[in-house]
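Remarks on the structure that follows.
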Amino acid sequence: MAASGIGMAIVELDGRWREVNPAAERLLGRDASELAGRQVFEVIHRDDVEAAREALEGLVQGRSEVIDAPRRYLHRDGEVVWVHTNAAALRDASGQPQLLVVQLRDISRERQAQAVLQADATDRAAALDVSNQHLQMFADSVAHDLRAPLRSIESFSAMLDQRIGESLDPTSRDHLDRIRAAATRMSGLLSALGELSHATRAELKPGPVDLTLLAEWAVAELREAEPERDAEVRIAPGLAAHGDERLLKLAIAQLLSNAWKFSRQRDRVFIEVVGGPGADGVRLTVRDAGCGFDMRYAHKLFQPFQRLHGADEGAGHGLGLAIAQRVVERHGGRMSAASEPGLGSTFHMDLPPPPDY
């Protein structure tokens with residue numbers, strides 16, 4: 001929280017601030033000591049208090065899983081600050097909520113940009129481009145600032161392991177391994193966030209794409225990363241589409257990585273990539289014989305940070321399928337999935353037909 005450039009807070013179930021980070025202090029113009037123990041609703045604009053209270057009660061009582069909404073907050077100087085609020089409950093082993101984790105992102109500039117767009121339609125493209133550039137610069141800055149301390153954690157923990165690793169007792173060894181594993185996960189998360197940003201904002205450069213070649217490329221990277229895995233991967237020849245080759249490579253790589261990870265509990269990985277032209281365009285299908293998932297939770301599949309499995313079953317940062325869907329949607333297509341627990345999963349990537357020339 002202290003290192004994040006985005007406002008973050010821990011909130012009690014009754015709506016009292018418990019802890020806020022420096023970014024949230026700057027956002028609200030109030031010290032953490034001043035906020036601690038006070039109601040969140042005291043710094044929310046009176047016109048938004050009722051909606052905020054209902055959202056908090058719904059989260060605590062289990063009617064909703066997250067809060068994801070813009071709210072007007074009050075800065076100490078009286079200025080109204082538009083804040084996009086994301087919140088989720090921290091739960092104990094029995095599933096009972098204990099605390100709320102809240103992210104506060106200042107969207108005042110975006111709101112101002114929207115007002116400009118509504119007031120003057122002729123400036124719409126320019127204002128939106130400026131807003132996107134600001135958001136991208138902010139995201140890049142946060143990622144850069146987080147990588148520096150992360151590299152220090154990784155390098156110094158590795159040096160510590162080399163120097164005294166053999167002399168550590170089992171408890172100390174476990175602590176050091178946890179530090180290194182957490183740093184590795186954080187590094188992967190930052191890389192995935194960069195890929196999600198790229199999938200969302202990169203300029204499309206459409207053209208003929210060899211999907212078979214892209215799938216073979218992605219599988220080769222998976223095999224190189226884990227050469228000890230026993231894997232059978234069947235990729236149909238002649239799979240082709242029309243789109244941006246770099247982004248489609250990214251989407252296919254995420255689908256195959258997903259199939260590879262969730263086959264971790266199998267003695268042998270089996271993945272099949274098939275497809276071809278259809279009446280509505282081109283379909284690429286990726287099947288695996290992994291652990292599968294319950295279709296009751298299929299609506300969560302393509303949402304960022306939503307995980308249907310635990311880390312022991314192969315779950316990662318929760319961004320892979322979101323990245324794939326962004327790419328497909330930008331091409332005018334759609335993603336769908338079918339699965340059964342214990343029997344594997346099937347993902348379909350439907351792309352529109354090539355344009356007529």
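Quick note: the coordinates plus some simple rules give every number you see, no bench work behind them. Quantities reported herein were computed from a predicted structural model and do not represent experimental measurements. Neighbour counts are summed over all protein chains in view; Cβ atoms, including those assigned to glycine, are modelled from backbone coordinates with ideal geometry.
Structure data summary
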item: Candidates Asp280, Asp68, Asp169: whichever shows maximal mean-square fluctuation once the chain is modelled as a Gaussian network with Cα springs under 10 Å; result: Asp169
item: Rel. contact order, % - alpha carbon contacts under 8 angstrom, at least six apart, region 7-106; result: 29
item: Expected 222 nm ellipticity per residue - DSSP helices of 4 or more, -39500 (n - 2.57), all of the chain, to 500; result: -14500 deg cm²/dmol
item: Angle between the chain longest axis and helix 108-119 axis [Cα atoms, degrees, rounded to 10]; result: 80
item: Cα-based reach from Lys300 at 17 Å (exclusive), listing lysines while leaving out same-chain residues under 8 positions away; result: none
item: Gained length - Val101 relative to Glu221, 0.36 nm times residue gap less alpha-carbon distance; result: 39.6 nm
item: Debye equation applied to the C-alpha atoms of region 206-351, log10 I(q)/I(0) at 0.11 Å⁻¹; result: -0.37
item: Whether region 159-230 is rounded, prolate or oblate, judged on the alpha carbon gyration tensor where a/c under 1.5 counts as rounded; result: oblate
item: Vicinal HN-Hα couplings computed from phi for region 92-100 (Karplus, 6.51 cos²θ - 1.76 cosθ + 1.60; Hz; Gly/Pro x); result: 7, 4, 8, x, 7, x, 10, 8, 10
item: Overall form of region 1-125 per C-alpha gyration tensor (a/c, 1.5; a/b vs b/c); result: prolate
item: Nearby lysines by direct alpha-carbon distance to Lys249 (threshold 22 angstrom, same-chain neighbours under 8 apart not counted); result: Lys205, Lys261
item: Proxy reagent accessibility, fewest Cβ within 10 Å first, across Met186, Met335; result: Met186, Met335
item: Per-residue Cβ neighbour rank within 10 angstrom, fewest leading, Val66, Val11, Val286; result: Val66, Val11, Val286
item: Length gained when the stretch Glu34-Asp14 is fully extended (0.36 nm per residue, less Cα-Cα span); result: 5.4 nm
item: Relative contact order %, the chain, counting alpha carbon pairs below 8 Å whose residues are six or more apart; result: 10
item: Label of the coordinate-derived value, Rg and Dmax of the Cα atoms in Å, listed as [x] 30.5, 105; [y] 23.2, 70; [z] 18.9, 56; result: [y]
item: Segments 40-50, 207-217 sorted - mean Cβ within 10 Å per residue, highest first; result: 207-217, 40-50
